[in-house]
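See below for the structure under consideration.
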Amino acid sequence: EVARITSVLTDYFQTHVNLHDNYQRWSALDTNFRAKALCFPGVRVLAQDPWENLVSFICSANNHIKRITSMVDQLATHFGQHVADYGGYAFYCFPTVSELAHPNLEAQLRQLGFGYRAKYIHQTVQHLQLKHGKQATRWLQSLRQAPYSEARAELLQLAGIGPKVADCICLMSLDKPEAIPVDTHVWQIARRDYAFRHSHVGTRKSYKDKGGFSDRPKTLSKGEYEAVGDHFRKTFGAYAGWAHSAIAHSALPSP
């Protein structure tokens, strides 16, 4: 039992990744990383459960942390298996794909306040059930062994999953350390610290025909998105997603 728990924790915290060595290497490669991210030496990407992470990110669309947490808790409470009661609290597992496979799931979720996200969750459950049946969860886990491009393409077929969310899932659940989720904050970092707005060698020209570069951070074109990810991958290498996470974390406002 001790060995099993150790294995689970080792996988979850990805302790095989040597943060100290990576930070040293990234600092030598990028002055921006050296100046900012060294203030946050413990930023480690967790290997979260693919299914729970996928649904959680569908819930995150146009949302805030408190409400996302409430939605995930409601999914567990209303559809997951009861585990135990402790300290006056009831604990539940996150529901499996099969446990969410109800014909009226969308209506139930809307009653719980999920809004339009209810439709996406319902459609995703239906897609996985139709295509993979009882093996849906195992199939998602199998994407950990698939190439990054293949895993990302599969995720993009699911309702409510766009490029950023697909990259979040790839990075945080599917062992794809090269995945770079680009949200408005990362785009602002790219403009401010890596000169993406005015002069990024080989980028503005290359992607001009794909929509150009916008000053509006909420309207990233496909070209802008890909350019930022490619820059991080070229700069930081195989674990670029980890370096990106540290830089993004350093830009968050202090509590």
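The values are calculated or read from the model by the stated rules, or taken from the named source; none is laboratory data. Keep in mind that what you see is a predicted model, and the values were worked out from it rather than measured. Backbone-built Cβ (ideal geometry, glycine too); neighbour counts: all protein chains shown.
Summary table
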item: Any hit, the range 85-106, residues being in contact (Cβ under 8 Å) with a residue 24 or more places away in the chain and touching a Lys or Arg at 6+ places or on another chain (Cβ under 8 Å); result: yes
item: Looking only at the range 136-162, and only at residues there that are surrounded by fewer than 18 Cβ atoms within 10 Å (Cβ to Cβ) and among the basic types (Lys, Arg), the one that is nearest to Ala47 (Cα to Cα); result: Arg144
item: Pairs where the first residue, in the range 1-28, is under 21 Å from Met172 (Cβ atoms) and the second is of a type in the set (Val, Ile, Thr) and at pLDDT below 95, C-beta under 8 Å, 6+ apart; result: Leu19/Val43
item: Identity of the residue in the range 163-181, under 21 Å from Asn32 (Cβ atoms) and in contact with a Pro (Cβ under 8 Å, 6 or more places away or on another chain), that ends up surrounded by the fewest Cβ atoms within 10 Å (Cβ to Cβ); result: Asp167
item: Tally of residues being within 22 Å of Gln157 (Cα to Cα) and either of a type in the set (D, E, K, R) or assigned to a loop (DSSP other than H, G, I, E, B) (or both) across the range 105-122; result: 6
item: Test for Gln188: is it polar (S, T, N, Q), more than 17 Å from the chain's Cα centre (by Cα) and closer than 30 Å to Thr235 by Cα; result: yes
item: Of the criteria (1) in a loop (DSSP other than H, G, I, E, B); (2) of a type in the set (A, V, I, L, M, F, W, C); (3) not assigned by TED's automatic domain parsing to the domain that holds Gly241, which one Ala90 fails; result: (1)
item: Selection count, the range 17-43, where residues are of a type outside the set (Gly, Ala, Ser), under 18 Å from Pro177 (Cα atoms), modelled with pLDDT under 95 and not in a helix (DSSP H, G or I); result: 2
item: In the range 63-77, the residues that are within 17 Å of Thr124 (Cβ to Cβ) and part of a loop (DSSP other than H, G, I, E, B); result: Asn63
item: Of the criteria (1) modelled with pLDDT under 95; (2) among the polar types (S, T, N, Q); (3) part of a helix (DSSP H, G or I), which one Thr6 fails; result: (1)
item: The range 158-187, residues that are out of contact with any helix residue (DSSP H, G or I) (no Cβ under 7 Å at 6 or more places or on another chain) and assigned to a loop (DSSP other than H, G, I, E, B); result: Gly162, Asp175
